[in-house]
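Report on the structure given below.
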Amino acid sequence: ESILACAKHFAGYGAPDGGRDYNTVDMSLQTLHDVYLPPFKAAAEAGVGTFMSAFNDLNGIPCTVNKYLLTDVLREKFGFNGFVVSDANPIPEVVVHGYAEDNKAASKKALNAGLDMDMSQGTYRNELPELVKEGDILEEVLDEAVRRVLRVKFLLGLFDNPYRTDAKKEEKTLLCKEHLEAARDISRRSIVLLKNENNALPLKKDLKKIAVVGPLAENAAEMLGTWSHTGNPSDVVTIISGIKAAVSTETEILYAEGCKITGEECIDFEGAVRVAKESDVIIAVVGENSDMSGEAASRIDINLPGKQEELLKELRKIGKPLIVVLINGRPLTIPWEAENVDALVEAWQLGTQSGNAIADVLFGDYNPSGK
């Protein structure tokens, strides 16, 4: 009712040299057409409204100014009649690629290649008027790009109702019970049980005391993950809250942070060890900050950051069952954890229902797929 689907990033974005975002992509045309383009063709045939050009270059030509991709393949072969939008700031990055001498030259190449809309940087707005006046861009080329954008806006109804919002409907639907239940189900289906020795899981709900430790146990914001700009941490069920809601009213939950996700400060191994010794079982919640993964967020070292592994080693010495819950945006290298803890739960970053979904798995209300 108010959004368009966008197929992105067109194309080859997932195959950069060295796995580095925005880096060069070098592949044969056969691989491009056999592997990377079929999903985009399917999206076009399904009626997707927009395509987004990729940051990377493809065989030496930045996708932002790649006429073969944006016109020959997308328009002529796939029959796409929506509009193509850039990613953020890729037209000036054509200069960085060494494929244009300045933003003006990059804008000329982009529009002539079939890039209809400049997402956010104002490069088109600044450069196109002079390019048209000088005859470097034909008016009919500019008109066609504008026509594609206007056509889609008309189809979406933006000229009848430019804001397409319904406050009453939003009040009834945002975070409604049905949506929260769906989020909880999707979240627990995403969880992977990596290890479960000696029937450590599921836990009994009537244990006398449970120690919940680690920097992510009571952290709401990091559950939302990367690219969740409109997410509100106050809407998130933390892991410790989910555990408290799942267990018996007679069960006591003891909490200690132990350490931060990163850095050398605020280390309280003693506090974590103390609550662990008092408890029947230890649930340690460790992992990454959300901004450690996602777009252009690579790490050289993908072990547990900071002092978290040292915290786990101190907890292991106690001899109590040790359940480790991982909150992270990428697979981590965890050889010590894989060898030494009793159960290892890969929970990723599950959003608003993180705590409830993880508790469902820990206490046996849901059996994780292990995939």
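Taking the average, over residues, of other Cβ atoms within 10 Å as the packing measure, peptides 252-260, 130-138 rank 252-260, 130-138 from highest down. If you plug the beta carbon distance of Asp185 and Asp21 into 1/(1 + (r/R0)^6) with R0 = 35 Å, you get a FRET efficiency near 0.65.
All other residues with a Cβ under 11 Å from the Cβ of Asp118 taken together, and with Lys, Arg as +1 and Asp, Glu as -1, what is their net charge? Computed value for this residue: -2.
What is the local net charge at Lys8, summed over the other residues whose Cβ is closer than 12 Å to its Cβ (Lys, Arg +1; Asp, Glu -1)?
Computed value for this residue: -2.
Placing a pseudo-label 7 Å from each Cα along the Cα-to-Cβ vector at Lys172 and Tyr68 gives an inter-label distance of 5.3 nm. Under the simplified labelling scheme, the His33-Lys204 pair shows an inter-label distance of 6.5 nm, with each label point 7 Å from Cα along Cα→Cβ.
Cβ crowding within 10 Å, taken as a proxy for footprinting-reagent exposure, orders Asp160, Asp280 from fewest neighbours to most as Asp160, Asp280. Under the simplified labelling scheme, the Val95-Arg164 pair shows an inter-label distance of 3.4 nm, with each label point 7 Å from Cα along Cα→Cβ.
In sequence order, region 186-197 has phi-based couplings of 4, 5, 6, 6, 8, 6, 10, 8, 7, 7, 7, 8 Hz under the Karplus curve 6.51 cos²θ - 1.76 cosθ + 1.60, θ = phi - 60°, and Gly or Pro positions carry x.
Dividing the helix sum by the residues of the chain, where each DSSP H run of 4 or more adds -39500 (n - 2.57), gives a mean residue ellipticity at 222 nm of -9000 deg cm²/dmol. Pop the C-beta distance of Gln121 and Lys153 into the FRET formula with R0 = 25 Å and round what comes out to the nearest 0.05. Working from the Cβ atoms, E equals 0.75. Extension gain for Asp280-Glu134 works out to 44.8 nm (0.36 nm per residue, less the C-alpha to C-alpha distance). Between the amide H of Asp280 and those of Lys209, Ile210, Ala211, distances stay under 5 Å, these residues lying 5 or more places away or on another chain, with hydrogens modeled in the peptide plane. At full extension, Ile302 and Ala46 could sit 88.3 nm farther apart than now, given 0.36 nm per residue minus the alpha carbon distance. Suppose every Lys and Arg Cβ carries +1 and every Asp and Glu Cβ carries -1, with no other charges. What dipole size does the chain come out with about its Cα centre, to the nearest 20 debye? Approximately 880 debye in magnitude.
Summing charges over all other residues whose Cβ lies under 13 Å from the Cβ of Glu264, with Lys and Arg as +1 and Asp and Glu as -1, gives -1.
Annotation: the antiparallel percentage among DSSP beta bridges lying fully within region 170-362 is about 15.
Any read-out appearing in this document is the output of simple, stated calculations on the displayed coordinates, not a laboratory observation. In this text the structure is predicted, and so the values were computed from the model without any measurement. With ideal geometry, Cβ positions are generated from the backbone for all residues, glycine too; neighbour counts draw on all protein chains shown.
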